[in-house]
Amino acid sequence: GENVEQHPSTLSVQEGDSAVIKCTYSDSASNYFPWYKQELGKGPQLIIDIRSNVGEKKDQRIAVTLNKTAKHFSLHITETQPEDSAVYFCAVANSGYALNFGKGTSLLVTP
Amino acid sequence: NAGVTQTPKFRVLKTGQSMTLLCAQDMNHEYMYWYRQDPGMGLRLIHYSVGEGTTAKGEVPDGYNVSRLKKQNFLLGLESAAPSQTSVYFCASSYSRLQGTQYFGPGTRLTVL
């Protein structure tokens, strides 16, 4: 099955700095790459996604980049705020039904 | 529009007891999923359904059964709970697999003693 590696497992940044989380995957047929944010005591929530025919996508302070050749994609958060503190999960899907999740990155933004 | 709801929010079981977790969605989604989340393990798919009356196994299906008798509901059953099933369980739904986006419920925290 698909192997999704996510790094780092924990990340601490100061408010206003940028945060970058990286994921690698193994299946070259993968074509959908979402990122989820999970706040304490809640379910994961989609924050941004990208498909294999696009190299980069932005939504305000959040961006995702995809390198299909190298089989990795990254989440970039600029101008971080304390409310960005949460656990972030990358996921990968191909033509099947299931998402394969990374193990998560705990992001802490300190004022 | 409540989205995806899960019942109950918390439950404590003794080894060998049985229970059913209920997931309901009001978005008319075809696809529904059950995941478990354990520390350091991310989310792992237990079972999923691609439509009313259908179910399929995911990555970690052993010890669980599911049913999708109505389009809006997806039930997860534990026939004989084991301590290894202590976890947080999340239900999710999506409009279609091509659409991709899965919407998650708030989770059920289950402890098996």
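Give all pairs with beta carbons closer than 7 Å in which a residue from region A:89-100 that is within 7 Å of chain B (Cβ to nearest Cβ) and in contact (Cβ under 8 Å) with a residue 12 or more places away in the chain meets a residue that is surrounded by 17 or more Cβ atoms within 10 Å (Cβ to Cβ) and in a loop (DSSP other than H, G, I, E, B); count only pairs at least 6 apart in sequence or on separate chains.
Matching pairs, first to second residue: A:PHE89/A:PRO44; A:PHE89/A:GLY102; A:PHE89/A:GLY104; A:ALA93/A:SER30; A:ALA93/A:LEU99; A:ALA93/B:GLY100; A:LEU99/B:GLN102.
From the list A:ALA98, A:ALA91, which residue is in a strand (DSSP E or B), under 20 Å from B:GLY58 (Cα atoms) and out of contact with any Ser or Thr (no Cβ under 8 Å at 6 or more places or on another chain)?
One residue alone meets the criteria, A:ALA91.
Of the residues A:TYR36, A:TYR32, A:TYR25, which is hydroxyl-bearing (Ser, Thr, Tyr), modelled with pLDDT under 95 and closer than 27 Å to B:GLY58 by Cβ?
A:TYR32
Quick one: would you say B:THR54 is of a type in the set (S, T, N, Q), out of contact with any helix residue (DSSP H, G or I) (no Cβ under 8 Å at 6 or more places or on another chain) and within 14 Å of chain A (Cβ to nearest Cβ)? Show your work before the answer.
Values: of a type in the set (S, T, N, Q): yes; out of contact with any helix residue (DSSP H, G or I) (no Cβ under 8 Å at 6 or more places or on another chain): yes; within 14 Å of chain A (Cβ to nearest Cβ): yes.
For B:THR54, the condition - of a type in the set (S, T, N, Q), out of contact with any helix residue (DSSP H, G or I) (no Cβ under 8 Å at 6 or more places or on another chain) and within 14 Å of chain A (Cβ to nearest Cβ) - is met.
Can you pull out the residues in region B:17-32 that are within 26 Å of A:LEU40 (Cβ to Cβ) and at the interface with chain A (Cβ under 10 Å from one of its Cβ atoms)?
none
Quick one: B:GLY40 ticks every box in (1) within 10 Å of chain A (Cβ to nearest Cβ); (2) in contact with a Lys or Arg (Cβ under 7 Å, 6 or more places away or on another chain); (3) outside any loop (DSSP other than H, G, I, E, B) bar one, so which box is it?
Condition not satisfied by B:GLY40: (3).
Go through the residues of region B:76-98 one by one and say whether even a single one is assigned to a loop (DSSP other than H, G, I, E, B) and closer than 18 Å to B:ASN1 by Cβ.
Scanning region B:76-98, I find at least one residue that is assigned to a loop (DSSP other than H, G, I, E, B) and closer than 18 Å to B:ASN1 by Cβ, so the answer is yes.
Starting from residues that are free of Cβ contacts under 8 Å to residues at least 60 places away in the same chain and part of a loop (DSSP other than H, G, I, E, B), keep the ones in region A:4-42 and report whichever is farthest from the other protein chains (Cβ to nearest Cβ).
Looking at residues that are free of Cβ contacts under 8 Å to residues at least 60 places away in the same chain and part of a loop (DSSP other than H, G, I, E, B), I get A:SER28.
Which pairs do you get when a residue that is at the interface with another protein chain (Cβ under 8 Å from one of its Cβ atoms), found in region A:43-60, comes within reach of a residue that is at pLDDT 95 or above and not in a strand (DSSP E or B), reach meaning Cβ atoms under 7 angstrom, with the pair 6+ apart or on two chains?
Taking only residues 6 or more apart or on different chains, the pairs are A:GLY43/B:GLY105; A:GLY43/B:PRO106; A:GLY43/B:GLY107.
Quick check, is B:ARG44 at pLDDT below 95 and not small (Gly, Ala, Ser)? Give the steps one after another, and end with the answer.
On the way: at pLDDT below 95: yes; not small (Gly, Ala, Ser): yes.
Answer is yes for this residue.
A:THR69: away from chain B (no Cβ under 14 Å), assigned to a loop (DSSP other than H, G, I, E, B) and surrounded by fewer than 15 Cβ atoms within 10 Å (Cβ to Cβ), yes or no?
yes
Working only within region B:52-95, note down all residues that are over 13 Å from the mean Cα position of the chain (by Cα) and either of a type in the set (Lys, Arg) or within 15 Å of A:LEU46 (Cβ to Cβ) (or both).
B:LYS70, B:LYS71, B:SER94, B:TYR95
When you go through B:LEU22, B:LEU45, B:LEU113 one by one, which is the residue that is buried (at least 18 other Cβ atoms within 10 Å of the Cβ) and on the phi < 0 side of the Ramachandran plot?
B:LEU45
Exactly one of these conditions fails for B:TYR35: (1) at the interface with chain A (Cβ under 9 Å from one of its Cβ atoms); (2) outside any strand (DSSP E or B); (3) surrounded by 15 or more Cβ atoms within 10 Å (Cβ to Cβ). Give me its number.
(2)
The values are calculated or read from the model by the stated rules, or taken from the named source; none is laboratory data. Note that this is a predicted model, so its numbers are computed, not measured. So basically every Cβ, Gly included, is an ideal-geometry build from the backbone, and we count neighbours across all protein chains shown.
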